[in-house]
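We did not get these values from a lab; they are worked out from the coordinates using the rules stated. Computed from a predicted structure; not experimentally measured. Because the Cβ atoms are built from the backbone with ideal geometry, glycine has one as well, and the counts that use them run over all protein chains shown.
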Amino acid sequence: MKIYERYTDVELAAMGLPGEMPKHVAIIMDGNGRWAKQRLMPRSFGHRAGMEALHDIVREAHCLGIKALTVYAFSTENWQRPVQEVNALFGLLTEYFEKEIDELDANGVRIVTLGDLEPFPPKVKACMLSAIERTKDNDGLHFCIAINYGSRAEILRAVRNISKLGLDEKDITEELVSDNLYTREQPELDLIIRTAGEQRLSNFLLWQAAYAEFVFTDVCWPDFSIDEFRKCIVEYMKRTRRFGKVVE
Ligand code: FPP
């Protein structure tokens, strides 16, 4: 089992990453299907390669000192895909946790899910719940997996929960809405990466993205290497974040 080491400041500088590390990075892992098609293989082959790419990126996020990594694994719209593909994705999710949980736990990674786990087959749900429970007190990287996730559904759920509190209008604040989202325990979102060339959010973290930086890359997710990940962080570090203010 591999124990992940944090990079030192000297190592980070040598990688061209001397700036402030984003605390929370989210990734839209797109292009598995196209990657498989280019190889005349079924889409599930691309998802498997995507799962393998994820292994390295989670470890790298930890080593870079990122506090939270959120990945879009299955959207509320993905149920409309062919049943074989949906089942293949469920199989991979279960396989991922069965294979990776010991290493993730040993490295202090905390597993968090975003989305409603209720509609999943019992085995998939049990596997996710057990990973969440086992790692709930870990204080390392928050590895957040959006499954059966849609940002509009998340915001609607928050609004419904808040409406039950019987509050005065003035007590309904942005902070209260944030506290009712799945990401309530993660730092503000700094960076969203989307692979495979599309430049849209696809119902992902709409509220949280208010001041996030976006980096798009043409690389399909299965080819998204540690080097590509570092390039995205370098790009992020070049940006001037103004948060609506004037920055000299
Ligand atoms: C988008 O590519 C990708 C997905 C819908 C699934 C992502 C899943 C994985 C990376 C594997 C398993 C995940 C975990 C957390 C273990 P696409 O199929 O839409 O690609 P396309 O746009 O090229 O068709």
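Residues in the stretch 93-118 that are surrounded by 18 or more Cβ atoms within 10 Å (Cβ to Cβ), of a type in the set (A, V, I, L, M) and either over 17 Å from Ala68 (Cβ atoms) or more than 11 Å from the ligand (Cβ to nearest atom) (or both): Leu93, Leu104, Val109, Val112, Leu114.
Considering Trp207, Trp221, the condition of being in contact with a helix residue (DSSP H, G or I) (Cβ under 7 Å, 6 or more places away or on another chain), in contact (Cβ under 8 Å) with a residue 24 or more places away in the chain and surrounded by fewer than 19 Cβ atoms within 10 Å (Cβ to Cβ) is satisfied by Trp207 alone. In the stretch 178-193, the count of residues that are part of a loop (DSSP other than H, G, I, E, B), of a type in the set (Asp, Glu) and touching a Phe, Trp or Tyr at 6+ places or on another chain (Cβ under 9 Å) is one or more.
Restricting the search to the stretch 219-239, which residues are aliphatic (A, V, I, L, M) and in a helix (DSSP H, G or I)? Residues satisfying the conditions are Ile226, Ile233, Val234, Met237. Which residues, counting only those in the stretch 178-204, are within 16 Å of the ligand (Cβ to nearest atom) and surrounded by 12 or more Cβ atoms within 10 Å (Cβ to Cβ)? Tyr182, Ile192, Ile193, Arg194, Thr195, Ala196, Gly197, Glu198, Leu201, Ser202, Asn203, Phe204 - these are the residues of the stretch 178-204 that are within 16 Å of the ligand (Cβ to nearest atom) and surrounded by 12 or more Cβ atoms within 10 Å (Cβ to Cβ). The condition of being farther than 23 Å from Tyr7 by Cβ, touching a residue at least 24 places away in the same chain (Cβ under 8 Å) and in contact with a Lys or Arg (Cβ under 8 Å, 6 or more places away or on another chain) holds for only one of Thr113, Thr76, Thr135, Thr94, that being Thr94. The set of residues in the stretch 5-45 being assigned to a loop (DSSP other than H, G, I, E, B) and within 16 Å of the ligand (Cβ to nearest atom) consists of Met29, Asp30, Gly31, Arg39, Leu40, Met41, Pro42. I'm checking my understanding of the structure. Among residues of the stretch 138-177 that are within 21 Å of Ile28 (Cβ to Cβ) and among the small types (Gly, Ala, Ser), which one is surrounded by the most Cβ atoms within 10 Å (Cβ to Cβ)? Filtering the stretch 138-177 for residues that are within 21 Å of Ile28 (Cβ to Cβ) and among the small types (Gly, Ala, Ser), the one surrounded by the most Cβ atoms within 10 Å (Cβ to Cβ) comes out as Ala146. Considering only the stretch 48-64, I want to know if a residue exists there that is within 16 Å of the ligand (Cβ to nearest atom) and assigned to a strand (DSSP E or B). No: zero hits.
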